[in-house]
Amino acid sequence: MTLSISPVLNSADQVVSSLSTQQQPKVTEAEMMQAVRTLLIGLGENPDREGLKDTPKRVVKALQFLTKGYHESLDELLNGAVFTESADEMVLVRDIDIFSSCEHHILPVIGRAHVAYIPNGKVIGLSKIARICEMYARRLQVQERLTLQIADALQGLLKPKGVAVVIEATHMCMVMRGVQKPGSWTVTSAMRGVFSEDARTREEFMNLIRHNANFH
Ligand SMILES: Nc1nc2c(ncn2[C@@H]2O[C@H](COP(=O)(O)OP(=O)(O)OP(=O)(O)O)[C@@H](O)[C@H]2O)c(=O)[nH]1
Ligand SMILES: [Zn+2]
């Protein structure tokens, strides 16, 4: 099977970023598996031993899953779930699990996103906020870009009064290798509109993401 690994783009995506627009060459799954086999040999392994026989196939499948966001688009995931509403108070979806992969080492980045916006005539289906996070997380990323892509997607889709995104994450490339700092985690934020202009609105958001829910 020949895979096109060029990202699926739509108008909303184009508003969001030009970072993923480059055309990629087409590569077959067989070629991808062969590359994994070469890696195994380079690591001193025997790719033909029983335990590793199907590993190239599994690795390719796993990497395709971890980067499936390249083949998704905002239009598809939204499924029309943007509604006209007069609500104009902050909407916050907290503690959205993030499983991404760092683009430098292709190692896991694990954390949580908190996403808020203040509507301006339109609201979005709540699950779609998590789906937007998921689409951008399932790509090779740096945490800063992931954070701003989520913010800019919401800003572009809803034209709200403001958007705030905070991501807290730990990078396995800093935990399992390299500098080896298991307790470290990184916080990134992207503030748009009133969240960037008004310290009180930003403060309210920061307080809400610190507060512990009663049902936990
Ligand atoms: N800003 C940013 N840096 C990241 C992210 N993920 C990984 N990195 C960093 O990317 C950098 C790559 O640095 P290099 O010196 O080229 O690579 P390296 O030799 O593997 O670096 P070390 O991790 O320090 O061993 C490292 O400092 C990583 O910590 C991210 O999401 N955001
Ligand atoms: Zn890394």
Q | For the chain: accessible area per residue (Å², 1.4 Å) | A | 57
Q. What is the diffusion coefficient of the chain in µm²/s, taking the Kirkwood radius over Cα pairs and the Stokes-Einstein relation at 4 °C with a viscosity of 1.567 mPa s?
A. 68
Q) In terms of modelled amide H atoms, which long-range or inter-chain residues lie less than 5 Å from the amide H of Leu107? A) Cys102
**Q.** Ordering of 150-163, 68-81 by burial proxy (mean other Cβ atoms within 10 Å per residue, highest first)
**A.** 150-163, 68-81
**Q.** Heavy-atom accessible surface of the chain: percent carbon and sulfur, 1.4 Å
**A.** 54
Q: Please give the peptides 137-145, 32-40, 96-104 ranked by average Cβ packing (other Cβ atoms within 10 Å per residue), highest first, as a rough proxy for protection.
A: 137-145, 96-104, 32-40
Q: Note the full-extension length gain between Asn207 and Leu43 as 0.36 nm times their separation in residues minus their Cα-Cα distance, in nm to one decimal.
A: 54.3 nm
Q | Calculated diffusion of region 129-216, Stokes-Einstein form, Kirkwood radius summed over Cα pairs, 20 °C and 1.002 mPa s, µm²/s | A | 147
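The values are calculated or read from the model by the stated rules, or taken from the named source; none is laboratory data. These numbers were taken from a predicted model, which means no experiment stands behind them. As a convention, Cβ positions derive from the backbone with ideal geometry for all residues, glycine included, and neighbour counts pool all protein chains shown. Surface areas here come from the heavy atoms of the whole protein model, side chains and all, with no ligands, DNA or RNA. Shrake-Rupley method; radii C 1.70, N 1.55, O 1.52, S 1.80 Å.
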